[in-house]
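Step one of this worksheet: look at the structure below.
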Amino acid sequence: MVVRVEIAGQLDKREWRARLLAGRAAVDPAVHESEAAALAAAASRLPLDDAEEVWVAAYVPVHGEPGSVAMLDALRTAGARVLLPVTGPPGPLDWAEYTGRAALHRGRYGLLEPTGPHLSPAAITRAATILIPALAVDRRGVRLGRGAGYYDRTLPAARSDARLIAIVRDEELLDQLPEEPHDRRMGWALTPAAGLTPLSTAT
């Protein structure tokens, strides 16, 4: 299912979510697997800080989200330590370190989370790069999430120089999405075909 970008300005967030979720549900499993492999390869090439200890905040894709655990393994192979969100009651996300597939368990909403020690929401300040789930992102950097607000509450604590990267399918990089005052714009999109794509946050 291809989303028609020319009608972007005519839909509200609820309508966009329904349309995008329907599009993801229609993706052939073989296509999803191929795109997940491409995203893992792209993740292995992400620019990482030249620091003694490099942290990347990421997440485990579930429910048809683009990508797979292979993306996290690629980051670790590239030399990064990976933080994953631990979802609790509405509020800023807690974090825990990803140490491998065997150390994941099902958490709230069916999300896969690390079994290791939980860190506070302040752990996000360790990450120079933050990979963020999205249903879509537009070329201005406006991100559309699922509406729970966890990242809206979490990202204000991120480093001001952190690279905010929305992970979407190529068809989900759109011209314009509805924006609200609390929305934090992304600096980049990561897609299977185009890889890392800079977004304009100036307008």
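Within segment 28-38, can one find any residue that is closer than 30 Å to Q176 by Cα, open to solvent by less than 40 Å² (accessible area, probe 1.4 Å) and in contact with a Ser or Thr (Cβ under 7 Å, 6 or more places away or on another chain)?
Our first condition is that a residue be closer than 30 Å to Q176 by Cα; within segment 28-38, this holds for 28-38.
If we keep only those that are open to solvent by less than 40 Å² (accessible area, probe 1.4 Å) as well, we get 35-36, 38.
If we keep only those that are in contact with a Ser or Thr (Cβ under 7 Å, 6 or more places away or on another chain) too, we end up with 36.
Among the residues of segment 28-38, at least one is closer than 30 Å to Q176 by Cα, open to solvent by less than 40 Å² (accessible area, probe 1.4 Å) and in contact with a Ser or Thr (Cβ under 7 Å, 6 or more places away or on another chain), which makes the answer yes.
Mind checking whether some residue in segment 52-70 is more than 20 Å from E171 (Cβ to Cβ), exposed (fewer than 14 other Cβ atoms within 10 Å of the Cβ) and not small (G, A, S)?
In the first step, residues of segment 52-70 are kept if they are more than 20 Å from E171 (Cβ to Cβ); the result is 52-60, 69-70.
Applying the additional criterion that residues be exposed (fewer than 14 other Cβ atoms within 10 Å of the Cβ) yields 52-53.
Those left that are additionally not small (G, A, S): 52-53.
There is at least one residue in segment 52-70 that is more than 20 Å from E171 (Cβ to Cβ), exposed (fewer than 14 other Cβ atoms within 10 Å of the Cβ) and not small (G, A, S).
Within segment 167-181, restricting attention to residues that are closer than 23 Å to A58 by Cβ and of a type outside the set (V, I, T), which residue is surrounded by the fewest Cβ atoms within 10 Å (Cβ to Cβ)? Give the steps one after another, and end with the answer.
Within segment 167-181, the first condition is being closer than 23 Å to A58 by Cβ, and the residues that meet it are 167-174, 177.
Filter once more, so that each one left must be of a type outside the set (V, I, T): 169-174, 177.
On the way: R169: 24, D170: 15, E171: 17, E172: 21, L173: 22, L174: 22, L177: 24.
Taking the candidates together, the pick is D170.
Would you check if R163 is in contact with an Asp or Glu (Cβ under 9 Å, 6 or more places away or on another chain), among the charged types (D, E, K, R) and more than 21 Å from L21 (Cα to Cα)?
On the way: in contact with an Asp or Glu (Cβ under 9 Å, 6 or more places away or on another chain): no; among the charged types (D, E, K, R): yes; more than 21 Å from L21 (Cα to Cα): yes.
Considered against the rule, which asks whether it is in contact with an Asp or Glu (Cβ under 9 Å, 6 or more places away or on another chain), among the charged types (D, E, K, R) and more than 21 Å from L21 (Cα to Cα), R163 comes out as no.
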Among the helices (runs of 4 or more DSSP H) contained in segment 3-83, which hold 2 or more residues that are modelled with pLDDT of 95 or more and under 27 Å from G100 (Cβ atoms)?
29-44, 69-77
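Considering each residue of segment 155-166, count those that are farther than 11 Å from I132 by Cα and either among the acidic types (D, E) or open to solvent by less than 10 Å² (accessible area, probe 1.4 Å) (or both), and give that number.
Filtering segment 155-166 for residues farther than 11 Å from I132 by Cα gives 156-162.
This time we only want the ones that are either among the acidic types (D, E) or open to solvent by less than 10 Å² (accessible area, probe 1.4 Å) (or both), so: 161.
Final tally of qualifying residues: 1.
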Output the residues belonging to segment 93-110 that are open to solvent by less than 50 Å² (accessible area, probe 1.4 Å), touching a Ser or Thr at 6+ places or on another chain (Cβ under 9 Å) and not small (G, A, S).
L93, W95, L104
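The values are calculated or read from the model by the stated rules, or taken from the named source; none is laboratory data. In this text, all values refer to a predicted model and were calculated from it rather than measured experimentally. Quick reminder, even Gly has a Cβ in these numbers, built from the backbone with ideal geometry, and neighbours come from all protein chains shown. Accessible surface is based on the protein model in full, side chains and every heavy atom, while ligands, DNA and RNA are left aside. Shrake-Rupley method; radii C 1.70, N 1.55, O 1.52, S 1.80 Å.
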